[in-house]
Amino acid sequence: MFSLIIPYHNRARFLPRTMRSLLNCSVKPMQTILVDNGSTDDSANICRTFATEHPELNVLLLEEKKKGACAARNKGLTAVKTEWVYFFDSDDELSPDYFEHVTHCLKDNSKVSLDMVACQTVRVFADGMCKPRDVQYSSSVIDQILSGQLSTQAMFLRTAFLRDIGSWNEELLRWNDWELGIRIFLHNPRMVWLKNKAYHRVYEHSDSITGDDFSSSASSLLCALRVASTLSSQKRYLFALACRCHILAGFFLREHNIVYAREAGAVSAHILRQINSKKATFFANALTRYVSIGGRGAWYFA
């Protein structure tokens, strides 16, 4: 019914934990695709051993030389023959009941022909604190722009639907799931949210794809904002995106990076010129000031 794709790059420390979580799942994928993205540690050997020891998981080992998780995910996607596909990161832990709950959801909605099943995930921070990701259980592109409710692990996707909307953007090294979520909602998916719990343990640390700050990957984040600015010309969409730019600028200022804050502001200025609203510009600029002094929940105000 579904394939699981896990890209990895130098994840020898974390892969055993991720693999154990897969083995603990009550429902297993028809195929597990592990994509090596230029690892130089023992990651590839760990995956080869795992494939040999667990033939029941039908593990396919692939390699992708182009840098980036998106390129590796797309490489895995080329090999998918199942109706559904799910992507997971190589340093996180699957909930044992997740695939079982998704399977039941698809059966309950078999007459609808869904494009996606979405879920809330659990963020695990470096200090061990756990916090469910903020979600609105909506299909609103505005909610996705402002809060990023769809992360990589939140999207169980119909394979054909993902291919039709362009798959993963390989030019984006950060916020690629945010940008994919925007495109998904712009295509009006038939979807259902799993609302009974928050799933998985998604680790956020300096060596994760997510990272633990904004400034260290500022160019990648700004690139994602510029790409998003080309996806729609609807004014409400553009205003939300401008607000997201100013929220990011506020975080840059909080991290004492004035140059990056100005660049984020410049991206927003280009977007706001298309709206031509003094009120919108004033409010967006206010968000930067609010976030820079430690204000929380700016996305909610926006």
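The values are calculated or read from the model by the stated rules, or taken from the named source; none is laboratory data. Everything numeric in this text was worked out from a predicted model, so none of it was measured. Here the Cβ positions follow ideal geometry from the backbone for every residue, glycine too, while neighbour counts run over all protein chains shown. For accessibility, only protein heavy atoms count, side chains too; no ligands or nucleic acids. Shrake-Rupley method; radii C 1.70, N 1.55, O 1.52, S 1.80 Å.
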Could you figure out which of (1) surrounded by fewer than 18 Cβ atoms within 10 Å (Cβ to Cβ); (2) of a type outside the set (Lys, Arg); (3) modelled with pLDDT of 95 or more; (4) within 28 Å of Glu100 (Cβ to Cβ) isn't true of Gly166?
-> (4)
Exactly one of Lys65, Lys28, Lys81 is in contact with a helix residue (DSSP H, G or I) (Cβ under 7 Å, 6 or more places away or on another chain) and either within 28 Å of Glu171 (Cβ to Cβ) or of a type in the set (Lys, Arg) (or both), and that one is Lys28
Being of a type in the set (A, V, I, L, M, F, W, C) and assigned to a helix (DSSP H, G or I) is the filter; apply it to region 1-44 and report the residue that is nearest to Lys67 (Cα to Cα).
-> Ala44
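Does Ser151 meet the test of being open to solvent by 20 Å² or more (accessible area, probe 1.4 Å), hydroxyl-bearing (Ser, Thr, Tyr) and either out of contact with any Pro (no Cβ under 8 Å at 6 or more places or on another chain) or at pLDDT below 95 (or both)?
So Ser151 fails the test.
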Return yes or no: is Leu231 within 30 Å of Asp108 (Cα to Cα) and either surrounded by fewer than 20 Cβ atoms within 10 Å (Cβ to Cβ) or of a type outside the set (Phe, Trp, Tyr) (or both)?
-> no
What about Gly181, is it without any contact (Cβ under 8 Å) to a residue 24 or more places away in the chain, over 19 Å from Ala284 (Cα atoms) and not aromatic (Phe, Trp, Tyr)?
-> no
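To keep it simple, each residue is scored yes or no on (1) more than 20 Å from Asp92 (Cα to Cα); (2) open to solvent by 10 Å² or more (accessible area, probe 1.4 Å); (3) in a strand (DSSP E or B).
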{"site": "Tyr137", "(1), (2), (3)": "yes, yes, no"}
{"site": "Asp143", "(1), (2), (3)": "yes, yes, no"}
{"site": "Leu173", "(1), (2), (3)": "no, yes, no"}
{"site": "Lys197", "(1), (2), (3)": "no, yes, yes"}
{"site": "Ser217", "(1), (2), (3)": "yes, yes, no"}
Tell me, please, whether a residue that is in contact with a helix residue (DSSP H, G or I) (Cβ under 6 Å, 6 or more places away or on another chain) and acidic (Asp, Glu) can be found in region 37-58.
-> no
Among Ala249, Ala284, Ala298, Ala269, which is the only one that is within 22 Å of Leu173 (Cα to Cα) and either hydrophobic (A, V, I, L, M, F, W, C) or at pLDDT 95 or above (or both)?
-> Ala249
For region 76-108, the count of residues that are under 21 Å from Asn37 (Cα atoms) and either at pLDDT below 95 or out of contact with any strand residue (DSSP E or B) (no Cβ under 8 Å at 6 or more places or on another chain) (or both) equals 1
Test result for Asp41, open to solvent by 50 Å² or more (accessible area, probe 1.4 Å) and not polar (S, T, N, Q) | yes
Ser113: passes all of (1) on the phi > 0 side of the Ramachandran plot; (2) crowded, with 17+ Cβ neighbours inside 10 Å; (3) of a type outside the set (D, E, K, R) but (2)
If you go through region 50-107 one residue at a time, how many are open to solvent by 50 Å² or more (accessible area, probe 1.4 Å) and farther than 24 Å from Val122 by Cβ?
-> 16
Exactly one of Leu221, Leu180 is assigned to a helix (DSSP H, G or I), at pLDDT 95 or above and over 17 Å from Cys119 (Cα atoms), and that residue is Leu221
Scanning for something at positive phi and free of Cβ contacts under 8 Å to residues at least 12 places away in the same chain, does region 128-149 turn up at least one residue?
-> yes
If we take region 235-302, then helices (runs of 4 or more DSSP H) inside it with 1 or more residues that are under 22 Å from the mean Cα position of the chain (by Cα) are 235-254, 258-275, 298-301
Within region 204-212, is even one residue surrounded by fewer than 16 Cβ atoms within 10 Å (Cβ to Cβ) and modelled with pLDDT of 95 or more?
-> no
